[in-house]
Amino acid sequence: MNAKTADPTVPDQGRIVLLTTSHRVAPGLLSWPAWQALRTADRVLCADAAHPQLPYLREAGVRVDEAAPTAEELVAACAGGRTAVVVATGEGDPALTDGLARLAGSGRVAMPELELLPASYDLPGARLLDLGQVMDRIRLACPWSSRRTHKDLAKYAIEEAYELVEAIEDGDRDELREELGDVLLQVVFHARIAEEDPDAPFSVDDVAGTLVDKLIHRHPHVFGDETATTPEEVRAHWLRTKAAEKQRTSVTEGVPVGQPGLALAAKLHSRVRTAGLDVPLPTGEGIGYDLLALATRAEAEGTDPEAALRAAARAYRDAIRAVEG
């Protein structure tokens, strides 16, 4: 109990509780303090007759008045020690909160206690729900996006991946965040298109579910009884479970030949080295075979030949600009 309430010479001006909820959490899943405030309030109000929480509140026996009082009216309704709970709309009732702030700042009005009470909180990853809703609307309403196919978008996935790599190498945190979003857009866009396939549809939830299952299966040292204390042991677990899943007849299976040449050569050499195969490098005339030898040597030494060449090329770019002035 605060000093104002404890002093019998000071009139009790009551209490206003602004109850906020997240549209990303199922209606009715409210915190215990929120339910306590709702059940003990003298009056519960909501300006939005279509608020998704209202059916659940009424089912729980909470009477809700569909009303949008002014700040002055709400303050007057709390006089005498009464409590009013305002179930905030999705926009947050700015007219009411601004009005209450003006009254409190004027110093001419005896104000009730003001409390902002979050009734439900966004869980980590909740904005991904917004992303799915936005993508749905774009797919339905945008003349360009509504006509795209997987093949139409394939080139953008490659472009965005390269832009992400560039942001990482530049060390630009703002650019990194944006480019990660662009890569995520490709995933969500493709998954939204996949929902419309007449023969084998799947959604972004199916994509995420498949990934979750894969990650759990390939991390038995985290989710199972296996033990791994070093990165090398983790890699060994990963390779064993991956081999059991894929049941490949060649180490070259699953290596995309459309990737850049240095990366392709390094990936093939990595597969050969991991499998313990003795495969001599092919010999021939021309720079291609020289580059192949350099790429495999870099991979064996733990160097990404693509990244190394990009770093050298960037230095070359800077030298060109220096000469240009």
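The values are calculated or read from the model by the stated rules, or taken from the named source; none is laboratory data. Nothing here was measured: the structure is a model prediction, and the numbers come from that model. For neighbour counting, all protein chains shown are included, and Cβ atoms are generated from backbone atoms with ideal geometry for every residue, glycine included. Ligands, DNA and RNA are stripped out before the accessible areas are found, and what is left, the full protein with its side chains, is counted by its heavy atoms. Shrake-Rupley method; radii C 1.70, N 1.55, O 1.52, S 1.80 Å.
Miscellaneous remarks
- Within the chain, helix-based [θ] at 222 nm, where runs of 4 or more DSSP H residues each add -39,500 (n - 2.57), nearest 500: -17500 deg cm²/dmol
- Nearest 10 degrees, 0 to 90: helix 150-170 Cα axis against the chain principal axis: 90 degrees
- Diffusion coefficient (Stokes-Einstein, Kirkwood radius over C-alpha pairs, 25 °C, 0.890 mPa s) for segment 12-85: 191 µm²/s, rounded to a whole number.
- The percentage of C-alpha pairs in segment 161-208 whose separation is greater than 14 Å is 55%.
- Nearest-10 value in Å² for the accessible area of Tyr56, using the 1.4 Å probe: 100 Å²
- Residues within the reach of a label modelled at Val222 (point 7 angstrom out along Cα to beta-carbon, backbone nitrogen below 16 Å), restricted to segment 174-210, are 208-210.
- Three principal axis extents of segment 106-177 based on alpha-carbon atoms, in descending order, are 65, 37, 26 Å.
- Projected label distance in nm at Val323 and Ala79, using a 7 Å step from Cα toward the beta-carbon: 8.5 nm
- 0 to 90° range, to nearest 10: angle between helix 127-141 axis and the chain longest Cα axis: 80 degrees
- Taken along the Cα-to-beta-carbon direction at a fixed 7 Å, the label points for Ala68 and Leu116 span 2.1 nm.
- Debye log10 I(q)/I(0) for the chain, one point scatterer per Cα, at q = 0.06, 0.10, 0.12 Å⁻¹: -0.44, -0.88, -1.04
- With a Förster radius of 41 Å applied to the C-beta separation of Leu291 and Ala244, the computed FRET efficiency comes to 0.75.
- The accessible-area ordering, largest first, of the residues Phe202, Phe189 stands as Phe202, Phe189, per a 1.4 angstrom probe.
- List Tyr316, Tyr156, ordered by accessible area with a 1.4 Å probe, largest first: Tyr316, Tyr156
- Label point distance in nm, Glu59-Lys155, each placed 7 Å from Cα along Cα→Cβ: 5.1 nm
- Taking the 1.4 Å solvent-accessible surface of segment 178-325 as the whole, the part contributed by carbon and sulfur is 59%.
- Close amide-amide hydrogen proximity is noted between Val86 and Val17, Leu18, Leu19, Leu45, each under 5 Å apart and 5 or more residues distant or on a separate chain (H modeled in the peptide plane; Pro and chain starts excluded).
- Fraction of accessible area attributable to carbon and sulfur, segment 42-94 (%, probe 1.4 Å): 49 percent
- Rolling a 1.4 angstrom probe over the protein heavy atoms with all chains in place gives segment 129-232 an accessible area of 70 Å² per residue.
- Probing with 1.4 Å while keeping every protein chain in the model, the per residue accessible area of segment 21-79 equals 55 Å².
- Solvent-accessible surface (1.4 angstrom probe) belonging to Leu211, in square angstrom, nearest 10: 90 Å²
- When all protein chains stay in place and ligands, DNA and RNA are ignored, the 1.4 Å accessible-area order of Cys46, Cys142, largest first, is Cys142, Cys46.
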